[in-house]
Amino acid sequence: MRRSFSESIPKNTAPYSGWGLGLPSIKLIYLIKTLTMVTIVGFEKRKNSEDVEFNVLILQGGVETVVSQQTGKPYITARKTSIPCTFGDEFAKNLIGNEMPGSIERIDCDPYEYMVPDTGEAITLTHTYQYSVEPATMEETVMG
């Protein structure tokens with residue numbers, strides 16, 4: 001069962017304590033750790049080059065605001081990627097909704113064409129996303 005953001009913050013921490021120049025409070029550290037989670041949102045069957053089927057988990061990061069390169073207007077999105085797993089179908093299905101520590105990072109790659117599902121437009125991309133168990137920011141490295 002998923003909890004709301006406010007329900008996930010420990011109740012015994014003073015509001016805003018440690019948000020100034022002093023040492024971070026337990027609440028701040030908890031928030032940083034909470035923000036560095038990915039959620040398993042699905043699984044798919046895929047085939048490798050030898051036509052052997054395997055399962056991948058679909059991971060989704062937190063919500064982020066991005067500015068459109070075409071219109072200059074902001075919109076909300078979440079990064080998604082997949083990661084191979086050794087789990088059977090039933091176990092993989094049961095993992096949907098679980099969170100794991102880590103982040104989804106944007107990485108550069110060779111250009112490739114991508115078909116936008118909503119419009120059918122083909123666009124060329126030079127990046128992809130991959131799951132990382134490493135902290136995504138300096139604060140996570142220091143305080144994690």
Legend entry - For the stretch 36-143: relative contact order, % (alpha-carbon pairs under 8 angstrom, 6 or more apart): 26
Legend entry - Prolate/oblate/rounded call for the stretch 36-143, Cα gyration tensor, a/c under 1.5 rounded: oblate
Inset, instruction - Along Cα→Cβ, 7 Å out, is where each label goes; now give me the distance between the ones at K80 and D108 in nm to one decimal. - result: 2.7
Inset, instruction - For E64 and H127, compute 0.36 nm times the residue count separating them, minus their Cα-Cα distance, and round to one decimal in nm. - result: 21.0 nm
Legend entry - 9 Å beta-carbon shell around T126, net charge (K/R +1, D/E -1): -2
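Computed from the coordinates by the stated procedures, all read-outs in this text should not be read as laboratory data. Because the structure is predicted, anything quoted here is derived from the model rather than measured. Cβ atoms come from the backbone with ideal geometry, glycine included; neighbour counts cover every protein chain shown.
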